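K.L.:
Next up is a structure, given as structure tokens.
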Amino acid sequence: MTIQEFRDYMASGKPVIMFHQLSQEALRITAEINGKYHTPEELHALLEQLWGREVPKTVGMFPPFHTDCGKNTVVGERVFINMGCKFQDQGGITIDEGALIGHNVVLATLNHDLDPAKRQSMSYAPIHIGKNVWIGANATVLAGVTIGDGAVVAAGAVVTKDVEPNTIVGGVPAKVIKKINITNR
């Protein structure tokens, strides 16, 4: 199966199946990313291998970084991903330009069935992080969530529902704390 066939399959809404070849490749590349120092240029090349697409030169990352697949992540210009992040991207992760992802953030696009007899079954839904979003350290964003442009997710929050643009959310589950006043400069 090609990377594009995998992406098309996951976009189709069909039942989740494990793509062991992609997972093994992700494990190999993340072991390389996490195993020693790389110059920004070397890290960029490894991210392009991991994500299977062109990555803007302005994307920054401080390893370690972990993913179970890697081939269904898209990042925009000036995205920064801090240390210890874990992306479960089989369902699709899009991070728009200028987003900041804090230490140990988890983006989880897969979920298990609640019925114990069907617990091995999985469903998936994409995560979309808008422009200039800031996700604080140790936050978790769950499957199907969209975080609007300019929003802030407080450290330690668990985001289970969409977040409106220019809104601060926090807590478990995350709730609106306040709206951000945008001033024209």
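K.L.:
When each pair of different Cα atoms in region 88-185 is counted once in the 1/r mean, what is the Kirkwood radius in angstroms, to one decimal?
P.N.:
The answer is 13.7 Å.
K.L.:
For region 69-105, list residues with backbone N below 16 Å from a point placed 7 Å from the Cα of LYS57 toward its Cβ?
P.N.:
77-79
K.L.:
Rounded to the nearest 0.05, what FRET efficiency do ALA137 and GLN24 give with R0 = 35 Å and r taken as the Cβ-Cβ distance? Could you check?
P.N.:
That pair, ALA137 with GLN24, gives E of 0.75.
K.L.:
Which of MET83, MET61, MET122 moves most in a GNM of the chain, Cα contacts under 10 Å?
P.N.:
Maximum fluctuation in the GNM of the chain, among the listed residues, is at MET122.
K.L.:
Lys and Arg at +1, Asp and Glu at -1: add these up for the other residues within a Cβ distance under 15 Å of ILE29 and post the number.
P.N.:
Spelling it out: positives minus negatives among the neighbours equals -1.
K.L.:
Right, something else. Rounded, prolate or oblate, given the Cα gyration tensor of region 104-152, with a/c below 1.5 counting as rounded?
P.N.:
Numbers: a/c = 4.28, a/b = 2.32, b/c = 1.84.
Prolate is the answer for region 104-152, as a/c is 1.5 or above and a/b outweighs b/c.
K.L.:
Turning to a different aspect of this structure: Got the relative contact order for the chain handy, in percent, Cα pairs under 8 Å and 6 or more residues apart?
P.N.:
Computed value for the chain: 13 percent relative contact order.
K.L.:
Are any of the pairs LYS36/LYS57; LYS36/LYS161; LYS118/LYS175; LYS57/LYS175; LYS14/LYS161; LYS86/LYS179 more than 26 Å apart by Cα-Cα distance, and if so, which? Kindly include the intermediate steps, with their values, before the conclusion.
P.N.:
Values: LYS36/LYS57 21 Å; LYS36/LYS161 37 Å; LYS118/LYS175 30 Å; LYS57/LYS175 34 Å; LYS14/LYS161 23 Å; LYS86/LYS179 28 Å.
Among LYS36/LYS57; LYS36/LYS161; LYS118/LYS175; LYS57/LYS175; LYS14/LYS161; LYS86/LYS179, the Cα-Cα distance tops 26 Å for LYS36/LYS161; LYS118/LYS175; LYS57/LYS175; LYS86/LYS179.
K.L.:
Oh, and also: Which parts of region 57-87 would a label at ASP149 reach, counting a residue when its backbone N lies under 17 Å from a point 7 Å out along Cα-to-Cβ?
P.N.:
Backbone N within reach: 76-79.
K.L.:
Sort all Cα-Cα distances of region 1-130 into consecutive 5 angstrom bins from zero, then give the percent of pairs in each bin up to the one containing the longest distance.
P.N.:
2, 10, 20, 25, 19, 13, 6, 3, 1, 0
K.L.:
A further question on this structure: How much net charge surrounds GLU97 when only the other residues with a Cβ under 9 Å from the Cβ of GLU97 are counted, with Lys and Arg +1 and Asp and Glu -1?
P.N.:
Numbers: positive: ARG78, LYS131; negative: GLU77, ASP96.
Every neighbour counted, the sum reads 0.
K.L.:
Here is a further query. What are the membrane-span-like helices in the chain by this rule: whole DSSP H runs, Cα extent along the axis at least 18 Å, mean Kyte-Doolittle hydropathy at least -1.0? Don't skip to the answer; put the middle values down first.
P.N.:
Working: long enough: 20-35 (22 Å, -0.43).
Span-like helices, by this rule, are 20-35.
K.L.:
For region 111-185, what's the relative contact order in percent, using C-alpha pairs closer than 8 Å and at least 6 residues apart?
P.N.:
21
K.L.:
Do the sum for the chain: with -39,500 (n - 2.57) for every DSSP H run of n ≥ 4, divided by all residues, what is the mean residue ellipticity at 222 nm, to the nearest 500 deg cm²/dmol?
P.N.:
Result for the chain: -6500 deg cm²/dmol, rounded to the nearest 500.
Taken together, the values in this text are just the output of simple stated rules run on the coordinates, not laboratory data. Because the structure is a prediction, the values reported are computed rather than measured. With ideal geometry, Cβ positions are generated from the backbone for all residues, glycine too; neighbour counts draw on all protein chains shown.
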